[in-house]
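Below you'll find the structure, written out as structure tokens, and then a few comments.
The values are calculated or read from the model by the stated rules, or taken from the named source; none is laboratory data. In this text the structure is predicted, and so the values were computed from the model without any measurement. As a convention, Cβ positions derive from the backbone with ideal geometry for all residues, glycine included, and neighbour counts pool all protein chains shown. Surface areas here come from the heavy atoms of the whole protein model, side chains and all, with no ligands, DNA or RNA. Shrake-Rupley method; radii C 1.70, N 1.55, O 1.52, S 1.80 Å.
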Amino acid sequence: MVVQTAVTPNRPQRLLKIPYGSLRRRSVERMTEGRRCQVHLLDDRKLELLVQPKLLAKELLDLVASHFNLKEKEYFGIAFTDETGHLNWLQLDRRVLEHDFPKKSGPVVLYFCVRFYIESISYLKDNATIELFFLNAKSCIYKELIDVDSEVVFELASYILQEAKGDFSSNEVVRSDLKKLPALPTQALKEHPSLAYCEDRVIEYYKKLNGQTRGQAIVNYMSIVESLPTYGVHYYAVKDKQGIPWWLGLSYKGIFQYDYHDKVKPRKIFQWRQLENLYFREKKFSVEVHDPRRASVTRRTFGHSGIAVHTWYACPALIKSIWAMAISQHQFYLDRKQSKSKIHAARSLSEIAIDLTETGTLKTSKLANMGSKGKIISGSSGSLLSS
């Protein structure tokens with residue numbers, strides 16, 4: 001896609017004489033330019049920042065990652081909810097304030113969360129990364145971003161209790177804890193006669209976990225979540241040429257097309273290894289995939305055979321977001337494929353459980369001990385400057 005830029009002819013520049021004191025004043029003003037941003041972290045904390053114009057999204061991600069002592073940053077990203085209600089991810093090579101944020105008053109609301117998923121937490125090297133994947137999964141279940149049967153929700157809630165509170169103590173304590181923890185999504189509660197019934201089901205599962213360590217609870221929780229078909233898929237609402245609504249699901253596996261009322265079983269599957277090209281224009285997003293059953297010649301694929309073109313439609317902002325996400329997910333797939341030989345052997349889940357129990361929680365991170373309000377992010381290094 002060609003981007004044209006206007007060229008301004010050279011004109012004589014008018015020189016202004018500005019007193020030295022005024023220069024100093026303007027220098028200070030420029031230093032405090034920018035926009036207030038509020039980054040929602042996965043442990044429910046919020047980092048309030050004044051982001052200066054030159055700050056890159058990569059520098060902001062580095063800053064947030066440093067608060068968790070996070071070494072495996074490649075799985076995470078920072079996003080905002082756009083006008084269409086979808087998550088729109090900051091492009092790391094662009095300045096933060098160059099993104100098309102919703103035109104609302106108040107600070108820009110950003111979310112730090114998992115952007116690139118993998119088959120299993122056993123391939124993650126660092127315990128801090130696993131902790132964040134666990135927090136991310138809990139958030140997705142609670143916000144109903146993952147389709148899950150209510151009975152499975154009750155079982156998952158019991159692991160959340162075991163991780164946070166240890167062994168079962170009494171019904172009253174559990175009922176109180178369940179009201180404070182992000183464990184029971186609204187949809188699961190709607191499907192049953194009462195809150196008390198849901199709590200009783202959780203308690204039944206919880207009692208069976210007696211003796212499990214915190215690390216075992218996390219590992220067992222993630223094993224269940226990773227088996228769910230909608231885990232790790234980013235969904236986008238689109239339409240086909242006839243105006244029929246669909247979901248497009250993007251993940252480390254490829255691009256999937258789902259019926260609008262069924263996010264579980266994809267109607268079409270396009271794996272990344274089949275991909276020949278993907279592009280967008282205005283309201284249209286298209287992919288060209290290698291299809292051995294098809295031998296067609298089109299304007300874009302002249303001289304090639306076995307290429308099928310699939311196209312979906314949405315508003316221009318959403319189409320651009322889908323395209324950017326598809327590009328990044330495909331690159332993530334290629335990077336992992338290229339480094340397969342270098343990837344360390346997967347750790348056993350029992351070994352991970354022991355490590356997680358020993359290392360404890362993320363509450364010891366640096367951010368817990370430092371004030372997060374009234375900070376200015378500099379535009380070059382991303383360092384924190386006191387305001």
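Here is a check on your reading of the model: is VAL238 buried (at least 19 other Cβ atoms within 10 Å of the Cβ) and more than 26 Å from ILE121 (Cα to Cα)? Judged against the criteria, VAL238 is a match.
A count restricted to the stretch 177-217 and to residues that are of a type in the set (Ser, Thr, Tyr), over 28 Å from ALA353 (Cβ atoms) and within 31 Å of the chain's Cα centre (by Cα) stands at 1. Mind checking whether some residue in the stretch 42-64 is in contact with a Pro (Cβ under 6 Å, 6 or more places away or on another chain) and farther than 24 Å from LEU356 by Cα? No, the conditions are met nowhere in the stretch 42-64. For beta carbons closer than 6 Å, sequence separation of 6+ or different chains, a first residue in the stretch 339-360 that is closer than 11 Å to LYS125 by Cα and at pLDDT 80 or above and a second that is acidic (Asp, Glu) and surrounded by 11 or more Cβ atoms within 10 Å (Cβ to Cβ), there are no qualifying pairs. Which of the residues belonging to the stretch 32-82 are in contact (Cβ under 8 Å) with a residue 60 or more places away in the chain and among the hydroxyl-bearing types (Ser, Thr, Tyr)? Correct list: THR32, SER66.
If you go through the stretch 110-167 and keep only what is surrounded by fewer than 22 Cβ atoms within 10 Å (Cβ to Cβ), among the polar types (S, T, N, Q) and more than 25 Å from LYS73 (Cα to Cα), you end up with just SER150.
In the stretch 290-334, the residue that is least open to solvent (accessible area, probe 1.4 Å) out of those that are at pLDDT below 90 and in contact with a helix residue (DSSP H, G or I) (Cβ under 8 Å, 6 or more places away or on another chain) is ASP291. If you go through the stretch 249-282 and keep only what is surrounded by fewer than 16 Cβ atoms within 10 Å (Cβ to Cβ), touching a Pro at 6+ places or on another chain (Cβ under 7 Å) and not hydroxyl-bearing (Ser, Thr, Tyr), you end up with VAL264, GLU282.
Residues that are under 22 Å from CYS315 (Cα atoms) and in a loop (DSSP other than H, G, I, E, B) do occur in the stretch 244-257, at least one of them.
Mind listing whichever residues of the stretch 28-87 are among the polar types (S, T, N, Q) and surrounded by 20 or more Cβ atoms within 10 Å (Cβ to Cβ)?
Result: GLN52, single match.
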